[in-house]
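K.L.:
The following block contains the structure, expressed as structure tokens.
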Amino acid sequence: MQHWFTYPNIDPVAFRLGPLALHWYGISYLVGFLVVGLWMARPAGRLRSGLSVDDVQDFLVHALVGVLVGGRIFFVIADIVTRRQLAYYLENPIHVIAVWNGGMGFFGGLVGVLLATALYLRKHPHLTFAVLTDELVMMLPVGIALTRMVNFINDELVGDVCNPDHPWCIAFPNYDGYRYPSQIFEGLLDLAVLPVLLLLARRRPPDGVVGWTWFTLYGVTRSIAELWRQTDLAVGPLTGGQLLALPMIAIGLFFLVRAARSGVRTERAAFADTAA
């Protein structure tokens, strides 16, 4: 069968500066945090949260630490459980923290960000979780989609074998047969959430509605993307990713309805005059 696409074999290293190598993986995280920060630091966002530009930057540092620590811990645990890699990490302990080589778990990163958010809110007791997360999640689809594109470049998180082969499937260098480009599919699903969030935000819904909408929709899109993605763990008909994503839908819907019924909308923080 004639296939439409050939794997592009893009170098995972974007460019080198002497002995230093900058990977696309790191660039995707940098751009993702940049667009999230720019959204949160816009005048309307700062008016609503009451945070200054410096406060937003401080939050992004908290979030970055949460993503890196949580995401890496989740990845290492998953690697040990699904691939029996305990001996490998015991023999090479530096690889436990080797985030520069890739290898991050989204759900661990999400937990890490939630914990970082809770710690940050303790420093800003007048700021609510609902308002902060409404601002935080708006550009997350962009950052997540970029990371999925880099997963494609890195020849990782590939899809299942196409059976029968479809013309849009790709032969990945390190895998047998033609496979679904599940990284691209998932990235496109993530991007499809962005216009939904933008349209919803324009309607100025109650605090928390935007944040819990993203939370719910990520559960939906991830569950769908897992239909094409190769998994190292399955329980019955569900993949490991679906076991974690499906509860997000139920949890998100519960808190989404709760937020919508509250009717509370913050347009201007009581302390917004401190934002600069």
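The values are calculated or read from the model by the stated rules, or taken from the named source; none is laboratory data. This is a predicted model, so every value here is computed, not measured. Ideal geometry is used to build each Cβ from the backbone, glycine not excepted, and the neighbour counts take in all protein chains shown. Heads up: the accessible areas ignore ligands, DNA and RNA and are worked out on the full protein's heavy atoms, side chains in. Shrake-Rupley method; radii C 1.70, N 1.55, O 1.52, S 1.80 Å.
K.L.:
Taking Gly45 as the residue in question, decide whether it is part of a helix (DSSP H, G or I), within 30 Å of Pro125 (Cα to Cα), open to solvent by less than 30 Å² (accessible area, probe 1.4 Å) and in contact with an Asp or Glu (Cβ under 6 Å, 6 or more places away or on another chain). Break it down stepwise before answering.
P.N.:
On the way: part of a helix (DSSP H, G or I): yes; within 30 Å of Pro125 (Cα to Cα): yes; open to solvent by less than 30 Å² (accessible area, probe 1.4 Å): yes; in contact with an Asp or Glu (Cβ under 6 Å, 6 or more places away or on another chain): yes.
Answer is yes for this residue.
K.L.:
A follow-up question, please. State all residues of segment 191-217 that are within 28 Å of Pro167 (Cα to Cα) and either in contact with a Leu (Cβ under 8 Å, 6 or more places away or on another chain) or open to solvent by less than 10 Å² (accessible area, probe 1.4 Å) (or both); if no residue qualifies, say none.
P.N.:
The answer is Val193, and nothing else.
K.L.:
Return the pair list, or none, for Cβ contacts closer than 6 Å from residues in segment 132-143 that are polar (S, T, N, Q) to residues that are crowded, with 22+ Cβ neighbours inside 10 Å, at least 6 apart or on different chains.
P.N.:
Every condition considered, the pairs that remain are Thr133/Gly211.
K.L.:
Does Glu186 meet the test of being open to solvent by less than 30 Å² (accessible area, probe 1.4 Å) and either free of Cβ contacts under 8 Å to residues at least 12 places away in the same chain or not aromatic (Phe, Trp, Tyr) (or both)? Let's see the steps before the verdict.
P.N.:
On the way: open to solvent by less than 30 Å² (accessible area, probe 1.4 Å): yes; either free of Cβ contacts under 8 Å to residues at least 12 places away in the same chain or not aromatic (Phe, Trp, Tyr) (or both): yes.
Yes; evaluated as a whole, the condition is true for this residue.
K.L.:
Any residue at all in segment 224-236 that's within 16 Å of the chain's Cα centre (by Cα), buried (at least 17 other Cβ atoms within 10 Å of the Cβ) and part of a loop (DSSP other than H, G, I, E, B)?
P.N.:
From segment 224-236, those within 16 Å of the chain's Cα centre (by Cα) are 224-226; that's our starting set.
Now narrow it down to the ones that are buried (at least 17 other Cβ atoms within 10 Å of the Cβ): 225-226.
Adding the requirement that they be part of a loop (DSSP other than H, G, I, E, B) leaves 226.
So far as segment 224-236 goes, yes, one or more of its residues are within 16 Å of the chain's Cα centre (by Cα), buried (at least 17 other Cβ atoms within 10 Å of the Cβ) and part of a loop (DSSP other than H, G, I, E, B).
K.L.:
Quick one: in segment 258-273, of everything that is modelled with pLDDT of 95 or more and open to solvent by 70 Å² or more (accessible area, probe 1.4 Å), which residue is nearest to the chain's Cα centre (by Cα)?
P.N.:
Arg258
K.L.:
Taking the options Leu22, Leu38, name whichever one is modelled with pLDDT under 90 and either loosely packed, with under 13 Cβ neighbours inside 10 Å or not in a helix (DSSP H, G or I) (or both). Steps first, please.
P.N.:
Details: Leu38 fails: modelled with pLDDT under 90.
Among Leu22, Leu38, only Leu22 is modelled with pLDDT under 90 and either loosely packed, with under 13 Cβ neighbours inside 10 Å or not in a helix (DSSP H, G or I) (or both).
K.L.:
Given the condition within 24 Å of the chain's Cα centre (by Cα), farther than 30 Å from Tyr178 by Cα and free of Cβ contacts under 8 Å to residues at least 24 places away in the same chain, answer yes or no: does some residue in segment 11-18 qualify? Break it down stepwise before answering.
P.N.:
Within segment 11-18, the first condition is being within 24 Å of the chain's Cα centre (by Cα), and the residues that meet it are 11-14.
Now drop any that are not farther than 30 Å from Tyr178 by Cα, which leaves none.
The answer is no; no qualifying residue exists.
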